[in-house]
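Undergrad: What follows is a single structure, and I will ask about it in a moment.
The values are calculated or read from the model by the stated rules, or taken from the named source; none is laboratory data. From a predicted model like this one, the values you see are computed outputs, not experimental measurements. Don't worry about glycine lacking a Cβ; one is built from the backbone with ideal geometry, like all the others, and counts go over all protein chains shown. Accessible surface areas use protein heavy atoms only, side chains included; no ligands, DNA or RNA. Shrake-Rupley method; radii C 1.70, N 1.55, O 1.52, S 1.80 Å.
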Amino acid sequence: NLLTERTEIMINKNFAIILATCLATQWTMADAIDDLATYEYGAPGDAGPQLERLIHVTAPADYGPIEARLIALVASPEATKPGKAFACRALQQIGTDKAVPALSGLLNDEVLSHYARLVLERLKSPAANKAMRDALSSAPDVVKAGLLGSLGENKDADSLKQIGAQVSNADAAVAAAALQALGKLGGKDAAKRLVNAKVPEALLAAKMQAIIDCASTLSGSHSEQLYEQALKSGTPSTKVAAFRGLMSTDTPKAATLISDAIKGDDASLLNAALGIVASTKGESVTRAVLSLLDGISPE
């Protein structure tokens with residue numbers, strides 16, 4: 001009984017301390033979010049950490065008022081960019097579609113677009129994806145690559161046409177991001193755009209990697225054709241990936257192609273094939289390579 005009484009006293013005492021801390025924290029947070037509006041990097045004050053503590057001690061069901069204050073801050077023309085950036089970081093944790101209109105206003109900003117996208121990317125909602133699609137057409141090239149990356153990450157099929165149009169962008173970083181996004185979107189339509197894309201030599205590796213990524217979303221002959229194209233035109237690294245992809249879809253065909261690569265005079269393709277042989281278990285590959293031993297050079 002004595003032990004029980006002491007335990008209850010300790011629990012009650014700790015509960016009182018926690019309750020008082022939460023009340024005090026929420027009271028000070030009334031000004032903390034407002035302080036973010038004038039926040040500058042390196043300036044004194046702890047508005048950011050206080051906001052983090054507020055989110056930590058608040059039940060998810062009670063996030064609404066905090067989100068509303070953060071949305072107002074993001075939409076405020078007077079708030080500083082560092083303050084808005086910190087508000088976006090908080091919205092990554094608690095934001096909902098209610099924040100989308102305010103975040104949309106940041107997507108063309110060279111500094112804040114990144115922070116806004118991270119929130120929209122986490123939401124993965126139709127409204128969030130639409131906001132990024134709408135921003136893409138008018139965004140400066142310096143932020144387009146990020147928007148393309150987020151749309152690809154969210155696998156927003158509705159943005160296929162807009163992403164495909166950016167493959168021909170004169171900015172190499174934007175064009176590469178568009179290729180990567182098409183690969184992540186996957187599907188037959190994205191595959192067709194990738195295969196038909198005319199890219200400079202500098203972007204060939206990005207195109208081949210995107211083709212491999214896209215192939216992984218397909219099956220049967222559709223994926224095999226993409227892997228085979230990557231074998232013909234890819235870099236050593238993408239050729240290895242293409243071989244591995246074929247191994248997962250059509251092992252006999254992969255074994256035949258590996259044999260052809262070993263007998264051929266393409267050094268990068270030979271190395272890719274040997275790498276697969278060394279790391280792949282399976283009778284078809286083993287027999288295919290064994291059958292070559294009497295007909296290839298000592299090297």
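Undergrad: Looking at region 244-299, which of its residues are over 18 Å from I212 (Cα atoms) and in contact with a Leu (Cβ under 8 Å, 6 or more places away or on another chain)?
TA: Residues satisfying the conditions are S259, A261, I262, K263, G264.
Undergrad: Residues Q166, Q180: which one is open to solvent by 50 Å² or more (accessible area, probe 1.4 Å), at pLDDT 95 or above and not hydrophobic (A, V, I, L, M, F, W, C)? Working first, answer last.
TA: Details: Q166 fails: open to solvent by 50 Å² or more (accessible area, probe 1.4 Å).
None of the other options fit; the residue is Q180.
Undergrad: Here's another thing I want to ask about it. Give just the number: which of (1) without any contact (Cβ under 8 Å) to a residue 24 or more places away in the chain; (2) open to solvent by 80 Å² or more (accessible area, probe 1.4 Å); (3) over 32 Å from the mean Cα position of the chain (by Cα) does A267 not satisfy?
TA: (2)
Undergrad: Exactly one condition in (1) more than 23 Å from E52 (Cα to Cα); (2) without any contact (Cβ under 8 Å) to a residue 12 or more places away in the chain is false for D109; which is it?
TA: With respect to (1) more than 23 Å from E52 (Cα to Cα); (2) without any contact (Cβ under 8 Å) to a residue 12 or more places away in the chain, D109 is out only on (2).
Residue-by-condition table, conditions (1) of a type outside the set (A, V, I, L, M); (2) free of Cβ contacts under 8 Å to residues at least 60 places away in the same chain; (3) open to solvent by 60 Å² or more (accessible area, probe 1.4 Å):
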| position | (1), (2), (3) |
| --- | --- |
| R193 | yes, yes, yes |
| E201 | yes, yes, yes |
| G220 | yes, yes, no |
| A242 | no, yes, no |
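Undergrad: Say whether the condition of being of a type outside the set (S, T, Y), buried (at least 16 other Cβ atoms within 10 Å of the Cβ) and at pLDDT below 80 is met by at least one residue in region 275-285.
TA: No, region 275-285 contains no residue that is of a type outside the set (S, T, Y), buried (at least 16 other Cβ atoms within 10 Å of the Cβ) and at pLDDT below 80.
Undergrad: Could you check A261 against (1) under 26 Å from the mean Cα position of the chain (by Cα); (2) closer than 21 Å to V285 by Cα; (3) among the small types (G, A, S) and say which number it fails?
TA: (1)
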